[in-house]
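Have a look at the structure below before the remarks.
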Amino acid sequence: MDQSGAGAVLPRPEGQLASIAQRFALPGTLQAIEPLGQGNVNDTWLVTVDPEVEGPRRLVLQRINGRVFSRPQLVMANLQRLTSHLERPGIMGAAVGRWEMPRLLGVCGEPQPWLELEGDLWRMQTYIEGSRTLETIENLQQAREVGRALGTFHALIQALPAEELADTLEGFHVTPGYLRGFERALRTTTVPLTPQVQHGIAFIRDRESFMPVLEDARQAGKLCLRPIHGDPKVNNILFDADSESAIALIDLDTVKPGLIHYDIGDCLRSGCNRQGEETEDWRTVRFDLQLCEAILEGYITAARPFLTAADYDHIPDAIRLLCLELGLRFLSDHLAGDLYFRISRPRHNLQRALVQFRLTESVETQLGEIRAIVERLRRSAGCHG
Ligand code: GN1
Ligand code: MG
């Protein structure tokens, strides 16, 4: 989910969507409902009300995708656990400057802040006013802020025990599991094995032995499970509308136990691709080292207190792996008939996969430089080991 993409206000809403919205404790009369953002998994709408009492004018309504999140109640339980953690005294002190969290709205006559209708789970959250999203990073200051936002989020949730969060999406970012899914999809696929698909298959085959790199480090006790965001791509980071400061991380459905390297890798694969992951011009995609350095610098300013020497050691591989992993996930979904990621045209997931594979290659050719950047930042953060 992201907060961009709000279009013109529609006529006063009616129908099923409006009656669902009205079951929430809206602070006024419903005025408009319009699609919001470009999420690949959940459905999101911006709801506008005419406030009768003091309260928010704009809200975000979402239907959680039950095919992806088989137990969406656990997603909501994690969100509530996260909120109660952040409300504990002293926790928000880890955030410098303006920092916001969306708040859940109650449902009229229900004890819990969500609705279950015909197998779908619906929820409503406050829209963070005075904010904007970026589809791609435009300058180094924004890059530092993207990193600082992720570091701040990690710092805020470090003291939340990972075992108090449910595993809402088993196998999420566990790359060897995605490789097994790819093999299954390949055995049963009915899509044509065009030269582009074959290129993707060969690309995966050449890198199979690299895929367990983070899970091996976890099993060896070098990295451990911590609470993570799970999806810190650039358009899930809100910026202040009037400055270059990041003020929130949204799309909290994948907050759950994981490796912080999933987040670091995912944030860099998204942030360092200046063309964005939806570009059709996949051949010219590259991984931008300057943005990489600025994002990591921003991340480390906020994350330095809890980063270990082993954490630094695994950052370069995490960057390479998360690009490769998303390419693998997109290609598998293309082979499986586009069941997971929403598409807007034929071969959309194939094209997305080719973008990520090109990005992976660009990371691979610059791994020496990436290692040098991490090493320099580690030394200036005073971490030896
Ligand atoms: C999905 O739905 P969205 O766009 O927030 C996916 C992420 C991917 C991302 C790629 C639960 O996120 O893992 O990185 O697409 N979310 C899930 O754009 O699988
Ligand atoms: Mg998401």
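Check GLU118, GLU163, GLU129 and return the single one that is within 26 Å of VAL213 (Cα to Cα) and surrounded by fewer than 16 Cβ atoms within 10 Å (Cβ to Cβ).
Unique residue meeting the criteria: GLU163.
Between LEU307, LEU259, LEU322, LEU252, which is surrounded by fewer than 24 Cβ atoms within 10 Å (Cβ to Cβ), within 12 Å of ligand 1 (Cβ to nearest atom) and under 30 Å from LEU86 (Cα atoms)?
LEU252
Need a quick list: strands (runs of 3 or more DSSP E) entirely within segment 193-312 having at least 3 residues that are farther than 25 Å from GLY382 by Cβ and either within 17 Å of the chain's Cα centre (by Cα) or within 16 Å of ligand 2 (Cβ to nearest atom) (or both).
Filter on segment 193-312 gives 237-240, 246-249, 256-258.
Is at least one residue of segment 372-382 under 19 Å from the mean Cα position of the chain (by Cα) and touching a residue at least 40 places away in the same chain (Cβ under 8 Å)?
no
So that you can scan it fast, the table gives a plain yes or no per residue for (1) modelled with pLDDT under 95; (2) more than 14 Å from LEU105 (Cα to Cα); (3) within 16 Å of ligand 1 (Cβ to nearest atom):
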| site | (1), (2), (3) |
| --- | --- |
| SER4 | yes, yes, yes |
| GLY7 | yes, yes, no |
| GLN22 | no, no, no |
| GLY28 | yes, no, no |
| GLY39 | yes, yes, yes |
| TRP45 | no, yes, yes |
| PRO51 | yes, yes, no |
| GLY66 | yes, yes, yes |
| PHE69 | no, yes, yes |
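Output the number of the condition that LEU165 fails; it satisfies all remaining conditions of (1) without any contact (Cβ under 8 Å) to a residue 40 or more places away in the chain; (2) within 16 Å of ligand 1 (Cβ to nearest atom).
So LEU165 meets the others, but not (1).
Per-residue answers, yes or no, for (1) more than 30 Å from ARG304 (Cβ to Cβ); (2) in contact with a Ser or Thr (Cβ under 9 Å, 6 or more places away or on another chain):
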position: GLY39; (1), (2): yes, no
position: ASN42; (1), (2): yes, no
position: VAL60; (1), (2): yes, yes
position: MET92; (1), (2): no, no
position: GLY109; (1), (2): yes, no
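The values are calculated or read from the model by the stated rules, or taken from the named source; none is laboratory data. Just so we're clear, the structure is a prediction, and the values are computed from it rather than from any experiment. Heads up, the Cβs are rebuilt from the backbone with ideal geometry, glycines too, and the neighbour counts pull from every protein chain shown.
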